[in-house]
Amino acid sequence: MLNPAKIMYLFRFILLGFLSLVTLNIQSLTGQSRHPLTDSLLEVVANTQEDSIRAKILMQLIWNNITYDPKWALSKTEDLRIMGITNGDTYIIAKSDHYAGIIHRFLGHYDFAITDLQKSLHYFDSIGARHIVENILYHLGVAYSLKGDYRQAMTIYYDQLEIAQRSQDSTAMGLSYNSIGILHKNLQQYTLAKEMYHKSIDMLKSINNQGDLSMTYSNLAAVQLLSSNIDSALKYNRLAIQIEKGINRQSGLAWSYVQRADIYGDMGQSDSTLFYLKRAMSINKTIGNREGIMQSSVSLGRHYNRTGKFGKALDILKEAQSIGYNSSQWSIRRDLLYEMQKSFEGLELYKRAYYYKNQWLAIRDSIGNIENSRMLNELNIKYQTALKDKALIESKISLDKKTNQRNVLSLFVLLSLISIVFLWYRQKLTRLLSSKTEELQRQRILELEQTQKLTNISSMIEGQEAERRRIAKDLHDGLGGLLVNVKTQLVQIQNQIDHLENQNIYRQANAMIDKACDEVRRISHNMIPGILRVEGLEGAVEELIAQLETIHHIKVESTIEIDRSKLTEASSHMIYRILQEAFNNIIRHSQASQVIFQMLDYDEYLYLLIEDNGIGFESDQPMDGLGLMSIRSRVDFLNGDIDIATTTSGISISINIPFTQSDNS
């Protein structure tokens, strides 16, 4: 027969279970509090046709609401998945799995979380998305840890830590240290846990990661409480609450309130404990955080057990059990079974207490704390060994770096010397090039002056030749005709005046007229030699040689071998004038009796040689006579070269005239 206390307990249990179900149903109908930007982002999604933009906004919506309204965020991951499947976008599909895994982890659905996270890990690892892989590994490790698979969790955490250290990712390193600390805390290795938490805090503070820093503060407060360091536990809990209020993260704030209640419970402050537990329960129910509800319920049951209110404690614990603890994390399930055992013992229901004690022992032993401790110690030893190896490697790298720095310094000095030599040589070369440039400019100026001079000479010679032609024409047409008429009249006078036949005056006048006619003919011929037009240069030169021999009795040894087709009329005329001037100089000044003359065709050049056995002139005597100047100017005009050698026993003139230059002239 049941006693009244047991009957009252059963009635309160049934009533409380009914009320809890009603409360949960009402919350599911009324909706949850979401991120402040949710409505505006939903409006953008509704008004956007571009799927890529809609997908990005939807991903932002999910991420914003993971801790605000995880159930609503989970529904949106399905919308994101459908969008990815429709567009054949594997990235969007993998991202929906990533977010779904995180949300399932928050909701305590650890098997679903592990499945979704592993699917997304396979894709993002294949494309080398390092930051996303680090985040997936973190949540995957947390899921295994909360499920109680410490071995797998620890392996994943160390994998994540190694990746983060290679990439110098402070956030990922901070999260890895925090997760490893949680495992050590659950296995009551508090010193190692504190060490890991402090490493996590240092990393997260360096980058001002407030959200993850608050979580680490809470974990450090928990391990300080388990180590009976109440003041330290309260200090870190206050820091966590301060951050959670600042970032308005309700799930984190609720967890910090539960932790504050546990601290006050150990301090014996019953009212403060109950106050913070109720606040935590209210927040968890508002945001639909099942894991938080169970944690709050277990802590509330622990409080009532401590205060001797076993029936009330059991009601709360039964309410938590009705939510479905099989999907919750191992530590909460363990604590739930332990507190239910305590409640039944307090109510003297020893059979039920024995049942739950066995359940508690089974779940505690199923984790294999000894094996986990051994495994964690092995992993720590490996990790510490790796750190030592890394330190040795870093030391070697530092030594190599110093050696390299010395080598670099030596190389720098060598390069500096080479640069100085190069700059000196370059400056010297620049000066040399500048000097060469100036020299080239001077030569160019001289060439231009020479060209101008040749142009002036050409103009002068052409003017002279034109004047010669005019004078020759005037002498021939004017004076020559007049003299012929005078000659005719004198002949007529001779016929009429016979008595004057023997007079000397007539004969002298007639001889003078004949001489004048010869002189006019000679001058006209010199100015425009007709034989040059008729016989060419060879014939004209041979006539000059004949005049030297017959008139002036100078013996000439001549050699003439040229190709007349290579010479133009202008160049032939110019060469004739050169030879005419040279022969006139011999007649006037040399007192020579013998001349050697050569005019030869050497491929591209016409070669002229004039030598006499005359008196010559002294070598220091300037050769600036008008005859020689005329010869030089004509040779320059034809772009030729002239060489004059003289002694007291004669003079030698050698001239080279290019045929092509002659044609150009």
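The values are calculated or read from the model by the stated rules, or taken from the named source; none is laboratory data. Keep in mind that this is a model prediction, so the values were computed, not measured. All Cβ positions, even for glycine, are placed from backbone atoms using ideal geometry, and neighbour counts span all protein chains on display. Remember, those area values only see protein heavy atoms, side chains included, never the ligands or the DNA or RNA. Shrake-Rupley method; radii C 1.70, N 1.55, O 1.52, S 1.80 Å.
Per-peptide packing, taken as the mean over residues of other Cβ atoms within 10 Å, places 558-567, 131-140 in the sequence 131-140, 558-567 from highest down.
Sorting 232-245, 544-557 by average packing, meaning the other beta carbons within 10 Å per residue, from highest down gives 232-245, 544-557. Suppose a student asked you for the relative contact order of the range 145-225, using Cα pairs under 8 Å spaced at least 6 residues apart; what percent would you report? Relative contact order of the range 145-225: 25 percent.
Computed over protein heavy atoms with a 1.4 angstrom probe, the accessible surface ordering of Arg151, Arg334, largest first, is Arg151, Arg334.
Could you give the distance between the Cα centres of the range 215-279 and the range 525-584, to the whole Å? Spelled out, the Cα-based centre of one part sits 130 Å from the other. Within the full protein context, the accessible area of His589 is estimated at about 120 Å² for a probe radius of 1.4 Å. In this structure Met574 has an accessible area near 20 Å², from a 1.4 Å probe over the protein heavy atoms. Shape of the range 75-138 from the C-alpha gyration tensor: oblate (a/c of 1.5 or more and a/b not above b/c, with a ≥ b ≥ c the square roots of its eigenvalues).
Computed over the alpha-carbon atoms, the range 248-323 gives an Rg to Rh ratio of 0.96, Rh here being the Kirkwood radius from the mean inverse distance.
At a probe radius of 1.4 angstrom, the accessible area of the range 261-352 per residue rounds to 39 square angstrom. For Thr430, the accessible surface of its heavy atoms amounts to roughly 80 Å² (probe 1.4 Å, protein chains only, rounded to the nearest 10). Sorting the segments 70-82, 39-51 by their mean number of nearby beta carbons within 10 angstrom, highest to lowest, gives 70-82, 39-51. Ranked from largest to smallest solvent-accessible area, with a 1.4 Å probe on the protein heavy atoms, Asp636, Asp315 come out as Asp636, Asp315. Phi angles across the range 278-294 convert, under the Karplus curve 6.51 cos²θ - 1.76 cosθ + 1.60 with θ = phi - 60°, into 3J(HN,Hα) values of 5, 5, 5, 4, 4, 5, 5, 5, 5, 8, x, 8, 5, 4, x, 4, 5 Hz, Gly and Pro given as x.
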